[in-house]
Amino acid sequence: MSQHSQFPVVTHFGIRNGDKPFVSVIMPVRNEGERLSSAIHSIVEGCSSRFPLQIVIVNDCSSDGCCSNLEGLRGGANNNVELTVIELPRWSGIPYARNVGATKARAEILFITDANVHFPKNWDLPIRDRFEPNSALCATIADSGSSFLACGGMLHLPSMAFSWLGSPAIFGGRIPLAPCTGTVLSRELFCKVGGYDTAMPLYGAAEPEFSVRLWLSGAEIKCLPELTLMHRFRPASERQPFLDAIRLTQVHNYLRFGMLYLDHANATRVVNYYAATAPSVIDGALQRVLSGDVWHRRDVLSRNLPLRFESFLKRFGFLDLKGSFRFG
């Protein structure tokens, strides 16, 4: 695992007269099989018109050939679609892949998603209507295999994990945490907050931490109920083995997240939570966190973010009447 993969190979297909894209769709991929071509097809065919569009595929060292022969997926020559394929020379993790994708984005608006999605018809129209430079927009996520529907997520304490939010009305259309499946924001705002934390690879924590940082920078995350993305969630038979395989890294990510923002007493609660729920990996995860740059990163965030973490907790009801954190 590397936070600093060198010399990615970048290939551009279909740049039309240097037109600046309206939006750059950023999609990290790793062994996505046929799902990648299906996702790209839905993006291209779902456009309301043939406006300039960039799709940035960041291939995080796939071994299944899913990123081969993508040029034809742009559609006809009149589609005005630019396909940018970035080949990372070694596996680097989703946060790093997203950040690299953002550096190659040419549009002022970034749409961060993944290859397990299907875009609806006219997906760009709600973005045109609702986009604001200092706000992120959160697409509604629907499960392609069930009736599940969610509008972003909540922060669960003391696990520091993401839990889905069923209704955008709970916080007046504001969303605590934006899902990686459908987050829209300006390239300027993405750069201002520093992108995703590349020390939180794989699954869990990077997206909640990025959302918290957006709020603490003075930005907002707003629900976009008019835009629903169909998403393929892992079936139960795949999900648990996957989580078991990445448990050490996942616990590391959540511990790091807690230590970046919580005071000593509450960060200790997070450690104790994982000592009880993940005893086989807690020692290794904690050692990995403490041997990294967590304290330096905490200091940088404390100095540079205009708002404190407590403001996020107050905004979304994570403090009780005495001003203490709500856990449980």
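Here, each number is a calculation from the coordinates, and none is a lab measurement. None of the values given here were measured: they were computed from a predicted structure. Reconstructed Cβ throughout: ideal geometry from the backbone, glycine too, with neighbour counts over all protein chains shown.
Brief remarks on what is shown
- Normalised Debye scattering of region 83-129 at q = 0.13, 0.16, 0.32, 0.33 Å⁻¹ gives log10 I(q)/I(0) of -0.40, -0.59, -1.32, -1.33, counting only Cα atoms as equal scatterers and leaving out solvent.
- Point-to-point label distance, SER48-SER237, nm (Cα→Cβ direction, 7 Å offset): 4.2
- Computed helical MRE - 222 nm, the chain, DSSP H runs ≥ 4 contributing -39500 (n - 2.57), nearest 500: -10000 deg cm²/dmol
- The alpha-carbon atoms of region 181-316 define a convex hull whose volume equals 134 cubic angstrom per residue.
- Rg/Rh ratio calculated on Cα atoms of the chain (Kirkwood radius): 0.96
- Local electrostatic count at MET27 - Lys and Arg +1, Asp and Glu -1, tallied over other residues with Cβ under 10 Å: -1
- The equivalent ellipsoid that matches the C-alpha gyration tensor of region 230-295 spans semi-axes of 25, 13, 11 angstrom, in descending order.
- Along its principal axes, region 51-180 has C-alpha extents of 44, 35, 33 angstrom, given from the largest down.
- Across the options GLY195, ALA169, ALA150, the greatest Cα extent toward the positive end of the charge dipole of region 129-211 (unit charges at beta carbon of Lys, Arg, Asp, Glu) belongs to ALA169.
- Nearest-20 debye value, the chain charge dipole, Cβ charges on Lys, Arg, Asp, Glu: 580
- Counting charges near ILE246 (Lys, Arg +1; Asp, Glu -1) among other residues having Cβ under 14 Å from its Cβ returns a value of +3.
- Normalised by 2.2 N^0.38 Å, where N is the number of residues, the alpha-carbon radius of gyration of region 29-126 equals 1.03.
- For the chain, built as a Gaussian network whose Cα springs stay under 10 Å, the top-fluctuating residue of ALA267, ALA206, ALA236: ALA236
- Net charge contributed by nearby residues that have their C-beta within less than 13 Å of PRO201 (K/R +1, D/E -1): +1
- Relative to one another, the C-alpha centroids of region 247-292 and region 115-182 are positioned 27 Å apart.
- For the chain, a Gaussian network of Cα nodes joined below 10 Å ranks PRO279, PRO208, PRO168 by mean-square fluctuation, and the top entry is PRO279.
- Highest to lowest packing among 281-291, 180-190, scored as the average C-beta count within 10 Å: 180-190, 281-291
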